[in-house]
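Below: one structure, written as structure tokens.
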Amino acid sequence: MQRYSTWRLIREALRAHSGWVPAWEDRDPEPRYEIVLVGGGGHGLATAYYLARNHGIRRVAVLERGWIGGGNTGRNTTIIRSNYFHPRSAALYDFSVRLYEGLARELNYNIMFSQRGMIEIAHSEADLETMSRAANSMRLSGVDITLIGREQALAMAPLLDPSPGCRWPVRGALMQRRAGTARHDAVAWGYARAAAALGVHIIQGCEVLGFDSVNGRAAAVETSRGRIEADRIGIAVAGNSSSLARATGFELPLHSYTLQAMVSEPVKPCLDCIVSSNTNGSYVSQSDKGELVMGGNLDRCPSYAQRGGFRVTQSVVAPLVEMFPAFGSLRLMRQWGGTVDASPDNSPIIGPAPVPGIYLNCGWGTGGFKAIPAGGTVFAHLLATGTHHPLSAPFDLGRFARGELIDEAHAGVAH
Ligand code: FAD
Ligand code: PYC
């Protein structure tokens, strides 16, 4: 892996940056791999890295139809937290936060993980009551969650409207101190570079169109760049999961929706934690560039369009301006969307597909960025050993048939 010294930076500046080499090589596909991963988002790339690093499996290809990180991984609002209600979810997401805590060092890549803390605002007695129940459950799962009072919440986000009679009064908040944000493209690039350094092939501009079976077992993928054989195939294509499953002959209990986000013009530092409101369906943080990064709930009309409608944009911006009157003078700079894969219980699906030889990592919906390190670890374990990692077993597709749902509707705005 390359390390760049100050001297190297100066030398490249003096020779018009002609000496840099790509962080990973964009490969042409070979006819056969041990494992093919479909989807070059965070989950596909992290899985490839952990297959090589934890299991010594290096005959691995990541097939990405566009460019790596060009899906939801590069479109999200980068919130990382583990304040989930059910113990099985809390265990998975908290494992992920712990991996994020060491990820820059592990990948030797600055992912700009900033544990700035997150507060979910309670606007009423009823909110406080619900939050204290949630906090108890999360603390029993070992998550660092605290119910804080009004004064502490206002001290963390001083631009919140403090008046008791305002539209969204602050009565307290649920705080996770270790929650934070990271640079999303850096997460994709860091995993890609580390995986490629271990021998993984990263193949961009290669769309998987279908699957070939031999004796009822998937044995190859048909791609826009030809047929590629594999012993095992992992699918991590987020909002495209159900259409790819259909191409294979099975249905997934997923719906694809647009989730949108937006940023304001950049301003000086004015908000150094993440603030969300489940009651009004909005959240905001400030990026290192100074933009306010905002989002809210899904555009609830199934769609593959990577842009959202104005009504939802308005439903995010309006309560934020009511909560933070000072934001009312800012201009909105950009708005975009991603296609997320929502499952019936708002929890991911990790496990074997109904077709032998194919494995699924999907259903992360609006919340899978925070889960990339854990998702990659458990999916690599499944693909390498054929058995579940203990953390992924509850998230098997079979839970829908058994009625063992892991309902995370509480898990936060946009969840
Ligand atoms: P993706 O990053 O979408 O990667 C899938 C890849 O598969 C894509 O690059 C796509 O091009 C490729 N692909 C699709 N079909 C094929 C095919 N047939 N052949 C080859 N390649 C294919 N999560 C959080 O935890 N915190 C947040 O703050 C947060 N905010 C969000 C805000 C927005 C606006 C959006 C859209 C999502 C947000 N999420 C958030 C969710 C998070 O981004 C996703 O859950 C996560 O990125 C999913 O990662 P992935 O690798 O599974 O999918
Ligand atoms: O999972 O924290 C989250 C999230 C925030 C916005 C979208 N997803």
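Every read-out reported here was derived from the displayed coordinates using simple, explicitly stated rules and does not represent laboratory data. None of the values given here were measured: they were computed from a predicted structure. Here the Cβ is made from the backbone with ideal geometry for all residues, glycine too, and neighbour counts use every protein chain on show.
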- Query: Which of rounded, prolate, oblate describes the stretch 123-226, given a ≥ b ≥ c as roots of the alpha-carbon gyration tensor eigenvalues and a/c under 1.5 marking rounded, otherwise prolate only if a/b is larger than b/c?
  - Reply: prolate
- By the scheme Lys and Arg +1, Asp and Glu -1, what is the net charge of all other residues having a beta-carbon under 11 Å from that of Ile350? 0
- Note on the structure: Dividing the mean separation of Cα pairs under 8 Å (6+ apart) by the residue count of the chain yields a relative contact order in percent of 22 percent
- Tell me, how many Å apart are the Cα centres for the stretch 174-252 and for the stretch 372-415? 16 Å
- Message: Restricting to DSSP H runs of at least four residues, report the calculated mean residue ellipticity at 222 nm for the chain, -39500 (n - 2.57) per run over all residues, nearest 500 deg cm²/dmol.
- Response: -8500 deg cm²/dmol
- Query: Could you give the radius of gyration (one decimal) and Dmax (whole number) of the Cα atoms in the stretch 245-303, in Å?
  - Reply: 16.6, 52
- Query: List the chymotrypsin sites (Phe, Trp or Tyr not before Pro) in the stretch 18-78 that DSSP assigns to loop (not H, G, I, E or B) and whose Cβ has at most 14 other Cβ atoms within 10 Å. Which are they?
  - Reply: Trp20, Trp67
- Query: Span-like helices, the chain: DSSP H, alpha-carbon axial extent 15 Å or more, mean Kyte-Doolittle 0.0 or greater, which ones?
  - Reply: 184-197, 310-323, 372-385
- Expected sort for 168-178, 281-291, 247-257 on mean C-beta neighbours within 10 Å, highest first, is 168-178, 281-291, 247-257
- Message: How large is the translational diffusion coefficient of the chain in µm² per second when you combine the Kirkwood radius over alpha carbon pairs with Stokes-Einstein at 10 °C and 1.306 mPa s?
- Response: 72 µm²/s
- Query: Among bridges DSSP assigns within the chain, what percent are antiparallel (round to 5)?
  - Reply: 70 percent
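What Kirkwood Rh does the stretch 93-148 have if only Cα atoms enter the pairwise 1/r average? Answer in Å.
13.3 Å
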- Task: Report the convex hull volume per residue for the stretch 1-125, counting only C-alpha atoms, in Å³.
- Result: 186 Å³
- Note on the structure: Applying the gyration tensor rule to the Cα atoms of the stretch 340-389 (axes a ≥ b ≥ c; rounded if a/c under 1.5, else prolate if a/b exceeds b/c, else oblate), the class is oblate
- Query: Is the stretch 275-318 rounded, prolate or oblate when judged by the Cα gyration tensor, a ≥ b ≥ c being the square roots of its eigenvalues, rounded requiring a/c under 1.5 and prolate requiring a/b larger than b/c?
  - Reply: oblate
